[in-house]
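Visitor: Dumping the structure here so I can ask a few things about it.
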Amino acid sequence: MTHKQVLIVDDEERIRELVQACLEDLGGWDTLTAASGQKALKIAQTEPIDAILLDVSMPDMDGFVVYEELQANSVTQTIPVILLTAKVLQSDRDRFAQMGIAGVITKPFEPTAISSEVAEILGWNKQ
């Protein structure tokens, strides 16, 4: 059984810790965290990442910029990205789908359900 490794990118430490605990305890996955887009890009290029949970609204470099950078790099462009965002309009969802974003989890999310949401979006069936 291969261990999945998920990169959690959010500028809010509380959210990073919460998501990390949920994915590790409930999903049984390994996680790495990044507090900024720049750090996330570095990690994604050097670590074997199976998926990225990416906050949209971050200072300096928002989630869309990070996503575009990931897409522009052959090393990282195949990593599925799930956006964490507080407000999602239907037009946003359509835009995300066109951009090739794997899925969207809206904040506030249900901590106990986030690992199953991630698994469902990515087609990772519980082993």
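Visitor: Of these, 119, 86, 102, which one is buried (at least 16 other Cβ atoms within 10 Å of the Cβ) and in contact with a strand residue (DSSP E or B) (Cβ under 8 Å, 6 or more places away or on another chain)? Even if it seems obvious, please write down each step before you answer.
Guide: Values: 119 fails: in contact with a strand residue (DSSP E or B) (Cβ under 8 Å, 6 or more places away or on another chain); 86 fails: buried (at least 16 other Cβ atoms within 10 Å of the Cβ).
Matching residue, one of 119, 86, 102: 102.
A quick yes/no check of all residues on (1) acidic (Asp, Glu); (2) under 14 Å from the mean Cα position of the chain (by Cα); (3) over 18 Å from residue 97 (Cα atoms):
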{"residue": "29", "(1), (2), (3)": "no, yes, yes"}
{"residue": "40", "(1), (2), (3)": "no, yes, yes"}
{"residue": "52", "(1), (2), (3)": "no, yes, no"}
{"residue": "55", "(1), (2), (3)": "yes, yes, no"}
{"residue": "59", "(1), (2), (3)": "no, no, yes"}
{"residue": "74", "(1), (2), (3)": "no, no, yes"}
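Visitor: Separate question: Going through 32, 53 one at a time, which residue ends up being buried (at least 17 other Cβ atoms within 10 Å of the Cβ), under 19 Å from residue 120 (Cβ atoms) and either at pLDDT 95 or above or not hydroxyl-bearing (Ser, Thr, Tyr) (or both)? Can you show your working first?
Guide: Working: 32 fails: under 19 Å from residue 120 (Cβ atoms).
Answer to the check: 53.
Visitor: Same structure again: Read through the list (1) within 20 Å of residue 125 (Cβ to Cβ); (2) surrounded by 14 or more Cβ atoms within 10 Å (Cβ to Cβ), then give the number of the only condition that residue 58 fails.
Guide: Of (1) within 20 Å of residue 125 (Cβ to Cβ); (2) surrounded by 14 or more Cβ atoms within 10 Å (Cβ to Cβ), only one is false for residue 58: (1).
Listed here are the residues, each with its yes/no results for (1) over 21 Å from residue 111 (Cα atoms); (2) of a type in the set (Val, Ile, Thr).
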residue: 40; (1), (2): yes, no
residue: 43; (1), (2): yes, yes
residue: 50; (1), (2): no, no
residue: 59; (1), (2): yes, no
residue: 65; (1), (2): yes, yes
residue: 70; (1), (2): yes, no
residue: 76; (1), (2): yes, yes
residue: 79; (1), (2): yes, yes
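The values are calculated or read from the model by the stated rules, or taken from the named source; none is laboratory data. Here the structure is a predicted model, which is why all the values come from computation and not from measurement. In this analysis, Cβ positions are derived from the backbone assuming ideal geometry, glycine residues included, and neighbour counts consider all displayed protein chains.
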